[in-house]
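Student: Below you will find the structure I want to go over with you.
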Amino acid sequence: MSDKAANLIELFSSIQGEGLLVGLRQIFIRFHGCNLDCAYCDTDITETPSLCRIEGTPGRRDFIEVANPVSLERLLSLLGGWAKGWPGIHHSISITGGEPLLNLEILLEWLPKLRKLHPVYLETNGVLHETLSQLITMLDYIGMDIKLPSTSGCTDLWECHRDFLQIAAQKKVFVKIVASDATEEWEIVRALRIVAAVSRDIPVILQPVTLGNGSVGISPFRILEFQEIASTFVTEVRIIPQTHKFMGQI
């Protein structure tokens, strides 16, 4: 069926804890590797994993470890069984990472087949716009980041984010912005100008940064101030933390 296999970190069923699809049940396929090194990242991307952990029964945490790379045939066999045994429980498949767009050739082959099972939701750092342009017709939802220097430690990504969003706007897209007490107003303004230049109707999610101890790293007053600024540029601004961590979900 396919000769394309991928180095994966994990595959499991859980609740989407971030962004516009928060609270919906998804199948998560987590790819290894990233082109950025954000300060708040909670995924280990330093070494290619020799093993991928795969949940046998959706939501039961009965993980087994299989050797990387993982074939599409194995995924389709598992997910096809889930669809028959637990029909209707999953809203979509989350393609996440790391940065999944680093796997262009694999995604070109995998996405059409995965999409026959469920709609496909891409979680991305919103930088690799040339890759997105080759995959955009195979996606249903896109959750893209705009990385602020104050929280991510990444700089000079503004133009990449702009080019990415222009392509992503062909599908159901929202923009996620992680903010902290160190975030400055000019960062919010610059990010929202990028969004508004594409469309004022693109939803924006302000996500309070999650600290190592599980608490949020921004004051209640500060995040409301940022919401007020953002609301002058777009029609919908939501404040949503990483809710899966509060619920004990992975």
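The values are calculated or read from the model by the stated rules, or taken from the named source; none is laboratory data. Small disclaimer: the values here were computed from a predicted structure and weren't measured. Don't worry about glycine lacking a Cβ; one is built from the backbone with ideal geometry, like all the others, and counts go over all protein chains shown. Only protein heavy atoms, including side chains, enter the accessible area calculation; ligands, DNA and RNA are left aside. Shrake-Rupley method; radii C 1.70, N 1.55, O 1.52, S 1.80 Å.
Student: Over the chain, with the other protein chains present, what is the accessible area per residue in square angstrom, probe 1.4 angstrom?
Tutor: Values: 10960 Å² over 250 residues.
Using a 1.4 Å probe on heavy atoms only, each residue of the chain averages 44 Å².
Student: Please report, in whole Å, how far the alpha carbons of the chain spread along each principal axis, starting with the longest.
Tutor: 49, 38, 35
Student: So, with a 1.4 angstrom probe, what is the percent of accessible area on the stretch 158-209 that is carbon and sulfur?
Tutor: 47
Student: Could I ask something else about it? Positive end of the dipole of the stretch 86-148, charges at C-beta (+1 Lys, Arg; -1 Asp, Glu), about the Cα centre: which of 101, 128, 87 has its Cα farthest in that direction?
Tutor: The one lying farthest along the dipole's positive direction is 87.
Student: For the charge dipole of the chain, defined by +1 on Lys and Arg C-beta atoms and -1 on Asp and Glu C-beta atoms about the Cα centroid, which residue among 237, 77, 173 has the Cα displaced farthest towards the positive pole?
Tutor: 77
Student: Counting only the heavy atoms of the protein chains, how much of residue 37 is accessible to a 1.4 Å probe, in Å² to the nearest 10?
Tutor: Number for this one is 130 Å².
Student: Not counting the cut sites, what is the longest span of the chain without GluC sites (Glu not before Pro) that DSSP labels loop and that have at most 14 other Cβ atoms within 10 Å? Walk me through the intermediate numbers first.
Tutor: On the way: sites that count: 47, 184, 236.
For GluC sites (Glu not before Pro) (loop position, at most 14 other Cβ atoms within 10 Å), the longest site-free span of the chain is 48-183.
Student: From the cross-link list 147/176; 84/171; 84/113; 4/113; 84/245, which pairs have alpha carbons spaced over 19 Å apart? Intermediate results must be reported in sequence, preceding the final value.
Tutor: Values: 147/176 9 Å; 84/171 28 Å; 84/113 16 Å; 4/113 13 Å; 84/245 29 Å.
Cα-Cα > 19 Å for 84/171; 84/245; rest within.
Student: So if I place +1 on the C-beta of Lys and Arg and -1 on the C-beta of Asp and Glu, and nothing else carries charge, what would the dipole magnitude of the chain be about its Cα centre? I want it in debye, nearest 20. Let's see the in-between values first.
Tutor: Details: 22 positive and 29 negative charges, 192 e Å.
I would put it at about 920 debye.
Student: What is the sum of charges, Lys and Arg at +1 and Asp and Glu at -1, for the other residues whose Cβ falls under 10 Å from the Cβ of residue 64?
Tutor: Working: positive: 53; negative: 55, 62, 65.
Neighbour charge sum, excluding residue 64 itself: -2.
Student: Please report the antiparallel percentage of DSSP beta bridges with both residues in the chain, rounded to the nearest 5.
Tutor: Working: 15 of 42 bridges.
Close to 35 percent.
Student: Turning to a different aspect of this structure: How large, in percent, is the carbon and sulfur part of the accessible surface of the stretch 1-91 at a probe radius of 1.4 Å? Present the calculation step by step, with values, prior to reporting the outcome.
Tutor: Numbers: 2190 of 4350 Å².
Here carbon and sulfur together make up 50 percent of the probe-accessible area.
Student: I've got another one for you. Would you please give the FRET efficiency between residue 213 and residue 193, computed as 1/(1 + (r/R0)^6) with r the Cβ-Cβ distance and R0 = 30 Å, to the nearest 0.05? Show your work: numbers first, answer last.
Tutor: Details: r = 34 Å, r/R0 = 1.13.
The pair residue 213/residue 193 has a calculated efficiency of 0.35.
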